[in-house]
Amino acid sequence: MTLALASPGARRWAARLQLLGSDVAFALMAVLARRLSRPDAGFDAGQLTVVRFVVGVLVSLVVFWLRPGLYRPVNYRLLITRGLSGGVVVVLYFTALERIPTGEASLLYNLFPVIATVMSFFTFGERPTPHLLGAVLLATAGVALSALGLVGVLLGVAGVAYGTAFGHRPRNEQRVSPRSATPEEH
């Protein structure tokens, strides 16, 4: 049975496994980038960025060759914006890896779920579930403890809690289906 024909539960578990694989690959990339950015290795952040993008393009070309029609862009402006923001992210991440330990850089980089949760609240009016809010608070506390010490933990947790609990809610409250990401018909 193909993934497209699988039950929604099976597709969710497959997506979770794919994200786990992505996490492992990203961790490997971070460790290798840190190793290659040491003074004795001779690579700087710019060179690592070029290598990362060349490898990404080559892998993408192979995937597109193996599965023709897999990728059909519709919104080119959004695609270009995503590419530019992704490029900036990689340059900043590799620059950070040149200067701070891999674990700290990866931990700070992985604040993006916290930031995305807060941003989705303000842009889409998505209220986090209690377990997501708890995870966001714990993640913020962990990053703050690692990077800023105890004062940072208190400030980070207080900031996220305040923003999530008392943030702005759009007037036209529409539910968004997790599958379609567009307002549901009533």
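Of (1) modelled with pLDDT under 85; (2) under 21 Å from the mean Cα position of the chain (by Cα); (3) assigned by TED's automatic domain parsing to the domain that holds S22; (4) of a type in the set (A, V, I, L, M), V143 satisfies all except one. Which?
It fails just one condition, (3).
Quick check on the stretch 20-41: of everything there that is part of a loop (DSSP other than H, G, I, E, B) and in contact with a helix residue (DSSP H, G or I) (Cβ under 8 Å, 6 or more places away or on another chain), which residue is surrounded by the most Cβ atoms within 10 Å (Cβ to Cβ)?
The residue in question is S37.
Quick test for you: out of A25, A30, pick the one residue that is free of Cβ contacts under 8 Å to residues at least 12 places away in the same chain, closer than 20 Å to S106 by Cβ and assigned by TED's automatic domain parsing to the domain that holds L84. Give the derivation first.
Numbers: A30 fails: free of Cβ contacts under 8 Å to residues at least 12 places away in the same chain.
Residue meeting the stated conditions: A25.
Does Y76 meet the test of being hydroxyl-bearing (S, T, Y) and within 14 Å of the chain's Cα centre (by Cα)? So that I can check it myself, show each step before the final result.
Values: hydroxyl-bearing (S, T, Y): yes; within 14 Å of the chain's Cα centre (by Cα): no.
Answer is no for this residue.
Among the residues of the stretch 42-75, what is the count of those that are among the basic types (K, R) and loosely packed, with under 11 Cβ neighbours inside 10 Å?
2
Determine if the stretch 44-59 includes at least one residue that is in contact (Cβ under 8 Å) with a residue 12 or more places away in the chain, among the small types (G, A, S) and touching a Phe, Trp or Tyr at 6+ places or on another chain (Cβ under 6 Å).
Yes, there is a match, as at least one residue in the stretch 44-59 is in contact (Cβ under 8 Å) with a residue 12 or more places away in the chain, among the small types (G, A, S) and touching a Phe, Trp or Tyr at 6+ places or on another chain (Cβ under 6 Å).
Each row is one residue, and each column tells you yes or no for (1) within 30 Å of L32 (Cβ to Cβ); (2) surrounded by 14 or more Cβ atoms within 10 Å (Cβ to Cβ).
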{"residue": "T95", "(1), (2)": "yes, yes"}
{"residue": "P101", "(1), (2)": "yes, no"}
{"residue": "P113", "(1), (2)": "yes, no"}
{"residue": "S120", "(1), (2)": "no, yes"}
{"residue": "P128", "(1), (2)": "no, yes"}
{"residue": "H131", "(1), (2)": "no, no"}
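The values are calculated or read from the model by the stated rules, or taken from the named source; none is laboratory data. All figures in this text were calculated on a predicted structure; none of them were measured in a lab. Neighbour counts run over all protein chains shown; Cβ positions are idealised from the backbone, glycine included.
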